[in-house]
Ligand SMILES: C[S@@+](CC[C@H](N)C(=O)[O-])C[C@H]1O[C@@H](n2cnc3c(N)ncnc32)[C@H](O)[C@@H]1O
């Protein structure tokens, strides 16, 4: 078993892919968002953000327009690998009139101290990182023990026919966007010991919005180092 990132989703490749598609991203993603996921899910995510918030893989800042109505926010920091996406996010941040701190950073190795944020959030990016488990650990590490993790993600569908189609389409999608359609990320979050407060899904159970407390500190040592691939191979997990 290997923990090395697949070249298909190496940070360098993902950065190049997203730099390239940044100028047209909003038009392309708007369709997925409105038709398949529904804007309501992103709105729901925004209402769960509290205190000092970190968003990883912020992209063009699709969540920013929904922050205005949240009086619970103290600060908002957003990071992404792609300078191109961050350029678009900068414009989106200006449109909100809210102070948003932007930084170019790899979500698998965040440059923040342990227990920094009240909320750590991400949307539609755990499908793209080479190692989602490592990224989730980083989210937990920089989140205060009493803070919350808020994840919006598309996952492997519970329906076997749909999941087969997702599996077939994944190589194409990985080439285009580094994006895996068939990752059971909702299950990964549970298996890693995140304490789920809320898990709502939509569109055949493909889109999930999960609100969770980070895993207990003592649990982290036990599972730390387990990569996504290893977890998905654990025998007691139903495939
Ligand atoms: C599919 S886009 C989603 C963007 C945005 N969160 C949204 O909901 O529209 C995935 C984003 O994750 C970023 N990304 C992928 N891997 C990353 C990593 N290891 N660290 C930081 N950002 C990453 C990409 O650059 C891209 O902007």
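The values are calculated or read from the model by the stated rules, or taken from the named source; none is laboratory data. Quick caveat: nothing in here was measured; it's all calculated off a predicted structure. Virtual Cβ from ideal backbone geometry, glycine too; neighbours counted across all protein chains shown.
Quick check on my filter: what residues within segment 43-80 are in contact (Cβ under 8 Å) with a residue 40 or more places away in the chain and part of a helix (DSSP H, G or I)?
Going residue by residue through segment 43-80, those that are in contact (Cβ under 8 Å) with a residue 40 or more places away in the chain are 44-45, 48-59, 62-63, 74, 77, 80.
Result: 44, 45.
If you go through segment 106-133 one residue at a time, how many are within 14 Å of the ligand (Cβ to nearest atom) and either part of a loop (DSSP other than H, G, I, E, B) or surrounded by fewer than 20 Cβ atoms within 10 Å (Cβ to Cβ) (or both)? Write out each step before concluding.
Step one: of segment 106-133, the residues within 14 Å of the ligand (Cβ to nearest atom) are 106-112, 120-133.
Next, from what is left, pick out any that are either part of a loop (DSSP other than H, G, I, E, B) or surrounded by fewer than 20 Cβ atoms within 10 Å (Cβ to Cβ) (or both): 106-112, 124-131.
Counting residues in segment 106-133 that are within 14 Å of the ligand (Cβ to nearest atom) and either part of a loop (DSSP other than H, G, I, E, B) or surrounded by fewer than 20 Cβ atoms within 10 Å (Cβ to Cβ) (or both) gives 15.
Name, by its number, the condition in (1) surrounded by 18 or more Cβ atoms within 10 Å (Cβ to Cβ); (2) more than 9 Å from the ligand (Cβ to nearest atom); (3) within 26 Å of residue 33 (Cβ to Cβ) that does not hold for residue 95.
(1)
For the condition touching a strand residue (DSSP E or B) at 6+ places or on another chain (Cβ under 9 Å), touching a residue at least 60 places away in the same chain (Cβ under 8 Å), surrounded by fewer than 20 Cβ atoms within 10 Å (Cβ to Cβ) and farther than 26 Å from residue 217 by Cα, what is the one hit in 83, 103? Walk me through how you get there before you give the answer.
Details: 103 fails: touching a residue at least 60 places away in the same chain (Cβ under 8 Å).
So the residue among 83, 103 that is touching a strand residue (DSSP E or B) at 6+ places or on another chain (Cβ under 9 Å), touching a residue at least 60 places away in the same chain (Cβ under 8 Å), surrounded by fewer than 20 Cβ atoms within 10 Å (Cβ to Cβ) and farther than 26 Å from residue 217 by Cα is 83.
I'd like the residue in segment 211-237 that is under 18 Å from residue 134 (Cβ atoms) and touching a strand residue (DSSP E or B) at 6+ places or on another chain (Cβ under 9 Å) and, out of all such residues, is modelled with the lowest pLDDT.
Taking segment 211-237 and keeping what is under 18 Å from residue 134 (Cβ atoms), we get 212, 214-215, 217, 219-234.
Next, from what is left, pick out any that are touching a strand residue (DSSP E or B) at 6+ places or on another chain (Cβ under 9 Å): 212, 214-215, 217.
Numbers: 212: 98, 214: 96, 215: 93, 217: 70.
Applying the filter and picking the extreme gives 217.
Can you pull out every residue in segment 52-82 that is on the phi > 0 side of the Ramachandran plot and within 6 Å of the ligand (Cβ to nearest atom)?
Going residue by residue through segment 52-82, those that are on the phi > 0 side of the Ramachandran plot are 57, 59, 61.
Hits for segment 52-82 are 57, 59.
Suppose we keep only residues that are touching a strand residue (DSSP E or B) at 6+ places or on another chain (Cβ under 9 Å) and surrounded by 18 or more Cβ atoms within 10 Å (Cβ to Cβ) within segment 16-43. Which one would you say is modelled with the lowest pLDDT?
The selected residue is 37.
Exactly one condition in (1) more than 22 Å from residue 208 (Cβ to Cβ); (2) buried (at least 19 other Cβ atoms within 10 Å of the Cβ) is false for residue 64; which is it?
So the condition that residue 64 fails would be (1).
Going by the conditions given, is residue 139 modelled with pLDDT of 95 or more, surrounded by 20 or more Cβ atoms within 10 Å (Cβ to Cβ) and closer than 30 Å to residue 216 by Cβ? Even if it seems obvious, please write down each step before you answer.
Values: modelled with pLDDT of 95 or more: yes; surrounded by 20 or more Cβ atoms within 10 Å (Cβ to Cβ): yes; closer than 30 Å to residue 216 by Cβ: yes.
Against the criterion (modelled with pLDDT of 95 or more, surrounded by 20 or more Cβ atoms within 10 Å (Cβ to Cβ) and closer than 30 Å to residue 216 by Cβ), residue 139 qualifies.
If you go through segment 141-158, how many residues are within 21 Å of residue 33 (Cα to Cα) and more than 16 Å from the ligand (Cβ to nearest atom)?
3
Say we look at segment 1-15 and pick out the residues that are part of a loop (DSSP other than H, G, I, E, B) and surrounded by 12 or more Cβ atoms within 10 Å (Cβ to Cβ); which of these is modelled with the lowest pLDDT? So that I can check it myself, show each step before the final result.
Taking segment 1-15 first, the residues part of a loop (DSSP other than H, G, I, E, B) are 1-6, 10.
Now drop any that are not surrounded by 12 or more Cβ atoms within 10 Å (Cβ to Cβ), which leaves 3, 5-6, 10.
Working: 3: 40, 5: 45, 6: 50, 10: 84.
Of everything passing the filter in segment 1-15, 3 is modelled with the lowest pLDDT.
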